[in-house]
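The values are calculated or read from the model by the stated rules, or taken from the named source; none is laboratory data. This is a predicted model, so every value here is computed, not measured. Quick reminder, even Gly has a Cβ in these numbers, built from the backbone with ideal geometry, and neighbours come from all protein chains shown. We work out accessible area using only protein heavy atoms, side chains counted, and drop any ligands, DNA or RNA first. Shrake-Rupley method; radii C 1.70, N 1.55, O 1.52, S 1.80 Å.
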Amino acid sequence: MAEKKFKVGDKVRLIVGGPVMAVKNTDQIDNIYCQWFAGKKLEGGYFAPETLEKVTDEGEQKKN
């Protein structure tokens, strides 16, 4: 079985930029469900793992 690229709680961002998101879970076909805040509103959605990159604390300001 292949190792998962992301785990619950990882900080991620779309490779094209955008807000820092938190990985909440994955579905049966390995799409990644992420959550983020848009102002005070909690948003969420599924993303293909190829469209995401992990974010380090140092990299949080990058690409915003």
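Hey, could you check region 29-46 for residues that are in contact (Cβ under 8 Å) with a residue 12 or more places away in the chain and more than 21 Å from Asp57 (Cβ to Cβ) and say which is most open to solvent (accessible area, probe 1.4 Å)?
Tyr46
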Every residue in region 11-32 that is modelled with pLDDT of 95 or more and assigned to a loop (DSSP other than H, G, I, E, B), please.
Ile15, Val16
Output the residue which, of all residues in region 1-28 that are more than 14 Å from Thr51 (Cβ to Cβ) and of a type in the set (A, V, I, L, M), is most open to solvent (accessible area, probe 1.4 Å).
Met1
Does Val8 qualify as being of a type in the set (A, V, I, L, M) and part of a loop (DSSP other than H, G, I, E, B)?
yes
